[in-house]
Each structure stands twice: as C-alpha cells, then as structure tokens.
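J.: Before I ask anything, let me first share the structure, which is written out below as structure tokens.
The values are calculated or read from the model by the stated rules, or taken from the named source; none is laboratory data. From a predicted model like this one, the values you see are computed outputs, not experimental measurements. Here Cβ is always computed from backbone atoms with ideal geometry, including for glycine, and neighbour counts include all displayed protein chains.
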Amino acid sequence: MPRDTANEGPVDPDSHVAPKATRNRTLRVDPSEVAALRADLANPAHLCDDEAENQLDQVIVGDCLSVMRNLPRGIVDLLVLDPPYNRSKRFGEHVHAKRSLNTYSAWLGTVLDAARPMLKPTASVYICGDWQSSAAIHAAADDRLHVRNRITWEREKGRGAKTNWKNNCEDIWFCTVGENYAFNVDSVKLRRRVIAPYRAAEGTPKDWRETEGSKVRDTHPSNIWTDVTVPFWSMPENTEHPTQKPEKLIAKLVLASSYPGDVVLDPFLGSGTSAVVAKKLGRRYIGIEIDEQYALLAAKRLQRAETERAIQGYEDGVFWERNSRR
Ligand SMILES: C[S@@+](CC[C@H](N)C(=O)[O-])C[C@H]1O[C@@H](n2cnc3c(N)ncnc32)[C@H](O)[C@@H]1O
C-alpha cells in the first residue's frame, strides 16, 4: 500500500517486527544499529549558539520549540516546515489531537516565531498541509511572512470516500522573509513528453528536442504538481515513518529556493527527508525531531546518502514526469 502522507490512519504498532516481503525495501532501524546511529544524533543539551558551524549537518532530538531557542541566529536560507497536520494522529510515542483552526493556526505561529530568529533576511519558507489546515497555515504565515504562492501536489493515490470526494492532494505554502529571495527556476524545470511535436517551416523542432528516442520539452514548473510519487514499499527511500514526504517533492523546494552550501532547517524532520535531500544536493542542514526512533531513521538515511546520491524522478538536472523515464 502506498503511504498516505496526510497523517491518516493508525500506525501499525507491530510494524517494526513484521517480516518484510522479498521486494520490500522499506528502511528500518535494527536494534543492533541503535547505539551506532544514536552516536550520530546531536544532544540538545550541548547546543551552543556561538559555534554556528558545529550546529550544521546535525539531527537533533527534541521539541523544536525549545531546541530552536538555542540554535544560532541568522544562518538559515530555507525553512521546510512539515508539521503534524491538524488531525488526530499518533507519531511514535506522541499523539497529536485535532484542534480548532484558530488554535492550530496560533500553534503554527509559535513555531514560525521560534524559527524566525534563525532565518536570514533572504530566506524562503515552505509550510506543508492539507485542505483542512491550509486556511490556518495561510493565516499564521500571512501575519509574519510574505506569502507568495500555494503549491498543490497530487498524492497519486488517495483513499476513496463514499460520501465525499476522494482526498487526493496536499498543499505547500511558499513564503519569504523579505522581498529579496532566491528562486532558481531553471533548476526545477519539468521534462514532459511532447504530444504534438510541431516543426517550424524549415523543419526544425519548435520548442522541443529529441533525447533518448523521446520528444521532450523542459517546461516551467507551475503550482500544481502531478509528477510526484508518495514513497511506497518497493522504493529505496521508503521508511516506516507514517507520513514521509517524497524526496522528489522536497528536492524541488531545495533546488528552487537555495544554493549549494546554503542551510536548510527542518524542525519536524520525521524520517529525515529534507536533510537527506539537502545532503544529496550539496546543501547543509539542521533537522529537529521529537521522536528518537524517527531521528534514528533519519540518521540511517543520512549515512546511506554518503554514497547513494540519486533522487528518484530527478535526473540530468531536470524533473521527469511520472513514469516517463525508461
Ligand atoms: C508530518 S511529520 C514529518 C515527516 C517528514 N517530512 C518526513 O519526510 O519524514 C511530522 C514530524 O514532526 C514530529 N514532531 C511533532 N511535534 C514535534 C516537535 N514539537 N518538535 C519536533 N518534532 C516534532 C513528529 O514526530 C513527526 O515525525
């Protein structure tokens, strides 16, 4: 079953011991790996704000609201916020209860306020949510940041409903701290197959080219993304985290809104997707995760990213339409 990234459904309490099917590549932390991986995690008690360099490329276990207070100011170029959505949902040991929109919005505001001192004046901020929390996200962001767009991405497979439309998409709000910000549009072009390959009078292709036997066009990315696959069991990036984001999705944010060497902060790191993507794309990262089991998963993925640099769906400097790469 593909995972639903939208915080739906219970976590299988026995999932960490269930035997894996042969082709199931889901990444797990074996009890024998815990001690070594734990050594890779940063201890929030040792954070000290005068040594910014020492705080980079770290996964910190703790509550982001208190951890961020002790992190260096003005070092972050890109903030990726993928908080628990406003649903009743268990993440490991922690249960999040659904709240009123106003309460959720106020809570998100406290997260943004805690992160704000860490941001550079040129920083960009992306906030993930679903249709139920989107209005609350907009309200919290609009009070504090320049809201520039809302990206909607298709979650390839949603759950059917008998009395409602199937919930098949999620949102990501794009905001910036100021008027000056990075946006590398050429880094996030989408390669599409050309259905009607027109030629100019002299026979040259009009705005398309031939590559590996396919006629393709690299198109400007819009705010509707239909080319992302939610990690599922046969994908190497898949973990047991219940709401893991696809690497391809986060890669678009990182490439558009940061440069190599820039710092990406993710206060709700989960299984580590944004840190892994930052590492694969030559950025620095700081990840904070309250649940140690998820932080260990992130540490394991980061170790693998030392040698496994591929991001599924991103190749040759472009994003490929789903199922278009041979
Ligand atoms: C929606 S998930 C993020 C998933 C992540 N983007 C990924 O790809 O795996 C939210 C995560 O935030 C963590 N979390 C919840 N409250 C937190 C807090 N106060 N501080 C740090 N992490 C928290 C949860 O344990 C959960 O793993």
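J.: For the stretch 210-241, what are the residues that are over 18 Å from Leu297 (Cα atoms), among the polar types (S, T, N, Q) and outside any loop (DSSP other than H, G, I, E, B)? Step through it out loud before you land on a result.
T.: Residues of the stretch 210-241 over 18 Å from Leu297 (Cα atoms): 210-229.
Retained after the next criterion (residues that are among the polar types (S, T, N, Q)): 211, 214, 219, 222-223, 226, 229.
Once the filter is applied, which keeps residues that are over 18 Å from Leu297 (Cα atoms), among the polar types (S, T, N, Q) and outside any loop (DSSP other than H, G, I, E, B), the stretch 210-241 yields Thr211, Ser214, Thr219.
J.: Right, something else. If you take the residues in the stretch 257-309 that are within 14 Å of Val59 (Cα to Cα) and among the hydroxyl-bearing types (Ser, Thr, Tyr), which one is surrounded by the most Cβ atoms within 10 Å (Cβ to Cβ)?
T.: Filtering first and then ranking leaves Ser274.
J.: Here's something else I'd like to know. Determine whether the stretch 140-161 contains at least one residue that is more than 16 Å from the ligand (Cβ to nearest atom), assigned to a loop (DSSP other than H, G, I, E, B), surrounded by fewer than 12 Cβ atoms within 10 Å (Cβ to Cβ) and modelled with pLDDT of 90 or more.
T.: No: the stretch 140-161 contains no residue that is more than 16 Å from the ligand (Cβ to nearest atom), assigned to a loop (DSSP other than H, G, I, E, B), surrounded by fewer than 12 Cβ atoms within 10 Å (Cβ to Cβ) and modelled with pLDDT of 90 or more.
J.: Okay, next question. Go through the stretch 103-159 and give me each residue that's without any contact (Cβ under 8 Å) to a residue 40 or more places away in the chain and farther than 20 Å from Val177 by Cβ.
T.: Thr103, Tyr104, Ala106, Trp107, Ser134, Ala135
J.: Kindly indicate the residue of the stretch 84-107 that is surrounded by fewer than 20 Cβ atoms within 10 Å (Cβ to Cβ) and in a loop (DSSP other than H, G, I, E, B) and also farthest from the ligand (Cβ to nearest atom) among those meeting that condition. Step through it out loud before you land on a result.
T.: Filtering the stretch 84-107 for residues surrounded by fewer than 20 Cβ atoms within 10 Å (Cβ to Cβ) gives 87-88, 90, 92-103, 106-107.
This time we only want the ones that are in a loop (DSSP other than H, G, I, E, B), so: 87-88, 92-93, 97-100.
On the way: Arg87: 10, Ser88: 14, Gly92: 6, Glu93: 8, Ala97: 12, Lys98: 14, Arg99: 13, Ser100: 18 Å.
Here the residue is Ser100.
J.: With respect to Asp207, is the statement that it is exposed (fewer than 13 other Cβ atoms within 10 Å of the Cβ) and among the charged types (D, E, K, R) true? Steps first, answer last, please.
T.: On the way: exposed (fewer than 13 other Cβ atoms within 10 Å of the Cβ): yes; among the charged types (D, E, K, R): yes.
Answer is yes for this residue.
J.: Also, I was wondering about something else. Any chance the stretch 210-233 includes a residue that's away from the ligand (no atom under 16 Å from the Cβ), aliphatic (A, V, I, L, M) and farther than 30 Å from Arg159 by Cβ?
T.: yes
J.: I'd like to check which strands (runs of 3 or more DSSP E) are fully inside the stretch 255-326 and have at least 2 residues that are farther than 30 Å from Asp113 by Cα.
T.: Details: elements: 263-266, 284-289, 318-320.
It comes to 318-320.
J.: Please indicate, with yes or no, whether at least one residue in the stretch 236-248 is within 16 Å of the ligand (Cβ to nearest atom), surrounded by fewer than 18 Cβ atoms within 10 Å (Cβ to Cβ) and either over 30 Å from Cys175 (Cα atoms) or β-branched (Val, Ile, Thr) (or both).
T.: Taking the stretch 236-248 first, the residues within 16 Å of the ligand (Cβ to nearest atom) are 236-248.
Checking the rest, the ones that are also surrounded by fewer than 18 Cβ atoms within 10 Å (Cβ to Cβ) come to 236.
Pick out the ones that are also either over 30 Å from Cys175 (Cα atoms) or β-branched (Val, Ile, Thr) (or both) and you get 236.
Checked against the condition, which is being within 16 Å of the ligand (Cβ to nearest atom), surrounded by fewer than 18 Cβ atoms within 10 Å (Cβ to Cβ) and either over 30 Å from Cys175 (Cα atoms) or β-branched (Val, Ile, Thr) (or both), the stretch 236-248 yields at least one hit.
J.: Is it the case that some residue within the stretch 176-188 is surrounded by 18 or more Cβ atoms within 10 Å (Cβ to Cβ), assigned to a loop (DSSP other than H, G, I, E, B) and of a type in the set (Ser, Thr, Tyr)?
T.: First, pick out the residues of the stretch 176-188 that are surrounded by 18 or more Cβ atoms within 10 Å (Cβ to Cβ): 176-177, 181, 187-188.
From what is left, the residues that are assigned to a loop (DSSP other than H, G, I, E, B) are 177, 181.
Add one more test, that the residue is of a type in the set (Ser, Thr, Tyr), and what stays is 181.
Yes, that holds for at least one residue.
J.: Follow-up question, since we're still on this one. Here is a list of conditions, (1) polar (S, T, N, Q); (2) closer than 17 Å to Val59 by Cβ; (3) away from the ligand (no atom under 13 Å from the Cβ), and Gln312 meets all of them except one; can you say which number that is?
T.: Condition not satisfied by Gln312: (2).
J.: Go through the residues of the stretch 60-73 one by one and say whether even a single one is away from the ligand (no atom under 14 Å from the Cβ), within 15 Å of Tyr285 (Cα to Cα) and touching a strand residue (DSSP E or B) at 6+ places or on another chain (Cβ under 8 Å). Let's see the steps before the verdict.
T.: Of the residues in the stretch 60-73, the ones away from the ligand (no atom under 14 Å from the Cβ) are 72-73.
Now narrow it down to the ones that are within 15 Å of Tyr285 (Cα to Cα): 72-73.
When the remaining residues are screened for being touching a strand residue (DSSP E or B) at 6+ places or on another chain (Cβ under 8 Å), the result is none.
Taking every residue of the stretch 60-73 in turn, none turns out to be away from the ligand (no atom under 14 Å from the Cβ), within 15 Å of Tyr285 (Cα to Cα) and touching a strand residue (DSSP E or B) at 6+ places or on another chain (Cβ under 8 Å).
J.: Taking Tyr285 as the residue in question, decide whether it is at pLDDT 95 or above, within 15 Å of the chain's Cα centre (by Cα), over 30 Å from Val216 (Cβ atoms) and near the ligand (Cβ under 9 Å from one of its atoms).
T.: Working: at pLDDT 95 or above: yes; within 15 Å of the chain's Cα centre (by Cα): yes; over 30 Å from Val216 (Cβ atoms): yes; near the ligand (Cβ under 9 Å from one of its atoms): no.
For Tyr285, the condition - at pLDDT 95 or above, within 15 Å of the chain's Cα centre (by Cα), over 30 Å from Val216 (Cβ atoms) and near the ligand (Cβ under 9 Å from one of its atoms) - is not met.
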